[in-house]
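The values are calculated or read from the model by the stated rules, or taken from the named source; none is laboratory data. Computed from a predicted structure; not experimentally measured. Positions of Cβ are generated from backbone atoms using ideal geometry, with glycine treated the same way; all protein chains shown enter the neighbour counts. SASA here: full protein model, heavy atoms, side chains in, ligands and nucleic acids out. Shrake-Rupley method; radii C 1.70, N 1.55, O 1.52, S 1.80 Å.
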Amino acid sequence: RDSSTSRGLGDVYKRQYQWGKAYANMKKGLRPDISVSRHYDGDDIVETYTFTNRSDQTIKMENTGIYTPFNDNYPNARTCMTNRCNVHIWPGGTAAYVKAMRMNGRGPHLGLMVTEGAITDYDIWERGQDKGKSNVRGIIALCPPDMTLKPGASYRIQWRLFVHNGYDFAEQIRKRGGTVVKSVKYVYKKGEKAAVDFTTRNKTHRIKKKLTLSGETRVEHNGTWTSLLVIDDMTTLVDKRADFILDHQQMTDRNDKRYGAFMAYDNEGDTLLTNSHGRSDLDEGRERVGMGIFLAEYAMLLTKQNKTAKAEAIKKRLMDYASFIREQLQ
């Protein structure tokens, strides 16, 4: 079937990003031999990608990817319902999978699971605003880990494409020998003990881990993992978020027409994102309105807690925001 990402992409795009083509960053002049095989196993399709170093020098491959252009795009409603999909990618190492679902939610749907090697990341190509904005979600490539191949050495990735009905996706993964990872919850308070299950067709292996550091942490088993978020506590998290918005994300330049607005923030540049290069999804409207709503709720909470000084200070900032909403957005 046509795997291009939109009606606007021509034959060149189809050839460049066709299913199964691979790319990598390597030293100039050194290239591995890449062989691809496909066969049916019942109703499943099994694909095998073998990277072999046939030279007399060691090849180091970085940022490797294999194009898998799932049709996650939006030409029109009628086409989307039955002939386009939403794609969830879990680059979970040896247990990586892709869960593609028709946009109308009615099966059959498409699944992909790794059975040999690992997928630890994914790339999105042709996602720019000039490629269809939000209606084109981009061309997906699944990425194995960086690899070093000595002369004569090979690295093999194998995955299986199968049919599922949505509700039975995890069952279909286990049925085919895969592992499904599930945590009791995914946000924990510091000091709590996480409980993560790694379930195969025959058994469940539970790992319990006391979480002592805030931030993101992994719980791993047999080449796969789940990622958990550890917070100090909910009150501290809410306080920090409110303080960050107030300290960094409000336009305070009275000469700017966006004065009072809450805006996207560039953490790397340590500045408000005032020039979004035509990206309407990063302007001072849209999801940014949620910051004002959050601060209004937060101010009311502070008032109930008799923290009136901070509440009143936030209300003054919110009045500037309300003026921006009425005079600019509305």
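So, counting K/R as plus one and D/E as minus one, what does the shell of residues with Cβ under 12 Å around Arg102 add up to? The partial results should precede the final answer.
Details: positive: Arg84, Lys99, Arg106; negative: Asp72.
Charge balance in the 12 Å sphere: +2.
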* Could you tell me what fraction of 2.2 N^0.38 Å the Cα radius of gyration of the stretch 212-282 comes to, as a two-decimal ratio? => 1.57
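Please give me, ordered by residue number, the GluC sites (Glu not before Pro) of the stretch 256-330 that lie in loop per DSSP and have at most 13 other Cβ atoms within 10 Å. Working shown, then result.
Details: sites: Glu268, Glu284, Glu287, Glu297, Glu312, Glu327; in loops: Glu268, Glu284.
Answer by residue number: Glu268.
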* Sorted by mean Cβ packing within 10 Å, highest first, what order do the peptides 43-56, 60-73 take? -> 60-73, 43-56
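Which order do the peptides 108-117, 152-161 take when ranked by the mean count of other beta-carbon atoms within 10 Å per residue, highest first? Please list the in-between numbers first.
Details: 108-117: 19.6, 152-161: 16.9.
Ranking, from highest mean packing down: 108-117, 152-161.
Which whole-number value in Å² is the accessible area per residue of the stretch 159-201, probe 1.4 Å? Let's see the in-between values first.
Details: 2250 Å² over 43 residues.
About 52 Å² of surface per residue is accessible.
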* How many angstrom separate the Cα center of the stretch 260-330 from the Cα center of the stretch 34-60? -> 51 Å
* Would you list, by chain and number, the aspartates and glutamates whose Cα falls below 18 Å from the Cα of Lys316, excluding same-chain residues fewer than 8 positions away? => Asp239, Asp243, Asp247, Asp253, Glu297, Glu327
* Asked: Based on DSSP H assignment, which helices of the chain show an axial Cα extent of at least 15 Å together with a mean Kyte-Doolittle hydropathy greater than or equal to 1.0?
  -> 289-304
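Given the Cα-Cα distance of Ala170 and Asn222 and 0.36 nm per residue of separation, how much length would full extension add, in nm? It would help to have the intermediate numbers written out before the result.
Numbers: separation 52, 0.36 × 52 = 18.72 nm, distance 1.80 nm.
Gain in length upon complete extension: 16.9 nm.
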* Structure fact -> Restricting to lysines and to Cα separations under 20 Å from Lys60, and discarding same-chain partners fewer than 8 apart, the set is Lys21, Lys27, Lys28, Lys150
* Structure fact -> Debye calc, one equal point scatterer per Cα of the chain, no solvent, log10 I(q)/I(0) at q = 0.06, 0.08 1/Å comes to -0.31, -0.55
* **Partner lysines for Lys175 [C-alpha distance under 27 Å; skip if fewer than 8 residues away on the same chain]** => Lys99, Lys185, Lys203, Lys208
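For the stretch 81-208, what is one quarter of the convex hull surface built on the Cα atoms, given in nm²? Show your work: numbers first, answer last.
Working: hull surface 46.3 nm².
Mean shadow area of the hull around the Cα atoms is 11.6 nm².
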